[in-house]
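Remarks on the structure that follows.
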Amino acid sequence: MRFHRDTYLDLMTYGSAPRPMFVELFGPLIGLEEEWRAQGATEDEINLTAFDWDYVPIVDFGGQPLPRGAAPVTLEETAEKRVQRDFLGRTLLLLKRTATHALPMDFPVKTMDDWLRVKPFYEFTPDRINWEEVAAARKAREEGALIRAYMPGAFDMPRDLMGEEVACLAYYEQPELMADILATLLDTTRRVLEPICEHLTIDQLSVHEDFAGKSGPLVGPVQIAEHFQPYYRAIWEPLAEQGARIFQMDTDGNINAVIPALLDCGVTCLYPMEPAAGMDMVEVRRKYGRKLAMLGGIDKHVLRGDQAAIRRELEYKLQPLMREGGCAFGLDHQIPNGTPLANYRYYVDVGREILGLPPRDPQQRGWERMGM
């Protein structure tokens, strides 16, 4: 079912939304489509339209605050991999059979001088604003779409420039470098957003960080308070004053230790709440109540087990406490390889049953990726 932006905003801010939302955030991992075809899946099941997932149409705001440069140059390509060089000088490796995103094998920045060489790719220029896209976004908002702005991550961008180890050490060894990177990101993002916001109301601000693993976050509350918070609040607070209602962070891993620090930054929503890393959305709700909304939270790995385990997971995650608003229920990441088609069908049907949604209607078609 398609949600109107007003209904979605009410749901994710604990308003008067009429019912919970059951979504597919990311879609299948590479290789799962072939597995499902061998198990008799229809093409509508392969492309997920047969499952009538809830969604809200999302339209970007017409600006580009992220670094920009020439398209990557391919250095080597085989059936197994692709090796490229990007505008920052990084070597990127894509393993085609297992991944959808290329990963950097090296990084351009170790010192302030290195950063100054690539800094122009991050600075503001007027062509970062596409006024035709802004006008299209305004029209889409009038028709019920959610308007999303995005900002560079406070850790995501330094990590892309320096790699995780050097970025983490830079908080202590090169604080002036981290400060200049964030000051540049802030200046560019605000100069993109400010003129656009004169013509368009932003509904949601999104930031991608991925700054944690199973053992916990790569940055602690002190670094978040000193580096993230001034940067985040300088972007979020003007948007909130102009009508934005959701500030959403995308990060995998276990971030329990820094949720209070993120709330102090203004973050209102987290996803995908990865159970395999120790994130339990029910415990997070019990601890923080209506201070925090969430997307995802359902253990993707349970789909490869038996159907009794799927039902237990759904009964726990979709319990009445969690149906009081502030949740879009879905798998915590892509549907994993090895998921039997019968189990996925069962997962969808049991989830709908628990949430009080009608059974799937063969005549209903529709899905829009909810990864945000």
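The values are calculated or read from the model by the stated rules, or taken from the named source; none is laboratory data. Being a predicted model, the structure only gives us computed values, none of them experimental. In this analysis, Cβ positions are derived from the backbone assuming ideal geometry, glycine residues included, and neighbour counts consider all displayed protein chains.
In the range 278-289, the residues that are among the basic types (Lys, Arg) form Cβ pairs under 7 Å with partners that are surrounded by fewer than 15 Cβ atoms within 10 Å (Cβ to Cβ) and part of a helix (DSSP H, G or I), at six or more places apart or across chains, as follows: ARG285/LEU321. Taking every residue in the range 141-164 that is more than 15 Å from THR251 (Cα to Cα) and without any contact (Cβ under 8 Å) to a residue 12 or more places away in the chain and pairing it with any residue that is part of a loop (DSSP other than H, G, I, E, B) and not hydrophobic (A, V, I, L, M, F, W, C), at least 6 positions away or on another chain, the pairs with Cβ-Cβ distances below 9 Å are GLU143/PRO57. Within the range 33-51, the residues that satisfy the criterion of being over 28 Å from the mean Cα position of the chain (by Cα) and in a helix (DSSP H, G or I) are ARG37, ALA38.
Note on the range 263-277: residues that are under 12 Å from ARG233 (Cα atoms) and among the hydrophobic types (A, V, I, L, M, F, W, C) total 3. Here ASP210 fulfils each of the conditions (1) at pLDDT 95 or above; (2) more than 25 Å from ARG323 (Cα to Cα); (3) among the acidic types (Asp, Glu) apart from (1). I'd like the full set of residues that are closer than 23 Å to VAL282 by Cα, surrounded by 16 or more Cβ atoms within 10 Å (Cβ to Cβ) and not basic (Lys, Arg), limited to the range 344-372. The answer is TYR344, TYR346, TYR347, VAL348, VAL350, GLY351, ILE354, LEU355, LEU357, MET370, GLY371, MET372.
Residue check: is PRO108 of a type outside the set (Val, Ile, Thr), in contact with a strand residue (DSSP E or B) (Cβ under 8 Å, 6 or more places away or on another chain), in contact (Cβ under 8 Å) with a residue 24 or more places away in the chain and within 29 Å of PRO175 (Cα to Cα)?
no
Within the range 227-240, residues that are over 18 Å from CYS269 (Cα atoms) sit with their Cβ atoms under 9 Å from residues that are β-branched (Val, Ile, Thr) and not in a helix (DSSP H, G or I), at 6+ positions apart or across chains, in these pairs: HIS227/VAL219.
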